[in-house]
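Working notes, beginning with the structure itself.
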Amino acid sequence: MSTFDAGREARRESLAGAIAAIDDELAEANRARETALVSCRRVIRAAGSAIRAIHRLDADAAGALADGAETALREAQRMLSPFPAVGHAGFLHDAEKEYTEARAVAALVADGPVPTPSELGVAASAWMRGAAEAASELRRHLLDRLREGDVERGESLLAAMDEVYDALVVVDYPDALTNGLRRTLDALRAVLERSRVTTTVLQTRLQRAIEGLPPRA
């Protein structure tokens, strides 16, 4: 075999070996991705169901569903840990965000502190967006309490929403670092403004009812 042919053969073997190794790695990453995707979908479904249970005032069901979401999330995180590029594709972030939202809504409704990113085992950007969306979700709980005539509770929930917004609005970094936190906060601000108006209107109606005055046209 000539030196030229030997060089070509060595090159072919080198390329084939590199491709084979890459193929093995990609196949493993793809298997992890497929498994993690299923787990992340379970997280999102369970977290959404947990929030609905909170609004129904079914704390036991909400806790069990949130625990199920956490189990699925840990599975997804474990599967993607060896493949950070796949983990940053977006679906894990969404699952962590939804899980954070479920836990944060439960904490806010219970008048407790919002669990930190380290306590929940989620990325900071997912935690920030989840906390902001939890504050927006609190509007439904606020309206339910106002419909029941519990204005004081409604004001307490509105204050909690304000606290979350005030804490997060100081984070001023590009969306590439915060995964769109600014847009989420813009949505929360709009929810807060609507909630303030609603609370004021219902307070006025209640006061007039107490005073025996007819409602304003």
Selected residue [closer than 30 Å to Arg147 by Cβ and charged (D, E, K, R)] from Arg45, Arg12, Arg33: Arg45
Within segment 147-162, can you find the residues that are surrounded by fewer than 23 Cβ atoms within 10 Å (Cβ to Cβ) and either of a type in the set (A, V, I, L, M) or in a helix (DSSP H, G or I) (or both)? Arg147, Val151, Glu152, Arg153, Glu155, Ser156, Leu158, Ala159, Ala160, Asp162
Please give the number of the condition Ala50 fails out of (1) without any contact (Cβ under 8 Å) to a residue 12 or more places away in the chain; (2) among the small types (Gly, Ala, Ser); (3) closer than 24 Å to Val164 by Cβ. (1)
Take segment 96-121 and flag every residue that is surrounded by fewer than 24 Cβ atoms within 10 Å (Cβ to Cβ) and in a helix (DSSP H, G or I). Ala106, Ala107, Val109, Pro117, Ser118, Glu119, Leu120
When segment 122-132 is examined, which residues are found to be assigned to a loop (DSSP other than H, G, I, E, B) and either more than 16 Å from Gly180 (Cα to Cα) or in contact (Cβ under 8 Å) with a residue 40 or more places away in the chain (or both)? Val122
Do you know which residues across segment 163-181 are loosely packed, with under 15 Cβ neighbours inside 10 Å and assigned to a helix (DSSP H, G or I)? Glu163, Asp166, Ala167, Asp175, Ala176, Leu177
Can you tell which of Gly154, Gly149 is on the phi > 0 side of the Ramachandran plot and modelled with pLDDT under 95? Gly149
Is segment 79-90 home to any residue that is under 16 Å from Glu137 (Cβ atoms) and either touching a residue at least 12 places away in the same chain (Cβ under 8 Å) or of a type in the set (Gly, Ala, Ser) (or both)? no
Please go through (1) under 16 Å from Gly48 (Cβ atoms); (2) outside the structural domain of Ala62 (by TED's automatic domain parsing); (3) of a type outside the set (Ser, Thr, Tyr) for Leu142 and return the number of the only condition it doesn't satisfy. (1)
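Yes/no matrix, rows are residues, columns are (1) within 20 Å of Arg129 (Cβ to Cβ); (2) touching a residue at least 40 places away in the same chain (Cβ under 8 Å); (3) in the same structural domain as Asp175 (by TED's automatic domain parsing):
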| residue | (1), (2), (3) |
| --- | --- |
| Ala21 | no, no, no |
| Glu34 | no, no, no |
| Ala64 | no, no, no |
| Ala72 | yes, no, no |
| Leu92 | yes, yes, no |
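The values are calculated or read from the model by the stated rules, or taken from the named source; none is laboratory data. A quick note: this is a predicted structure, and the numbers were derived from the prediction, not measured. Neighbour counts run over all protein chains shown; Cβ positions are idealised from the backbone, glycine included.
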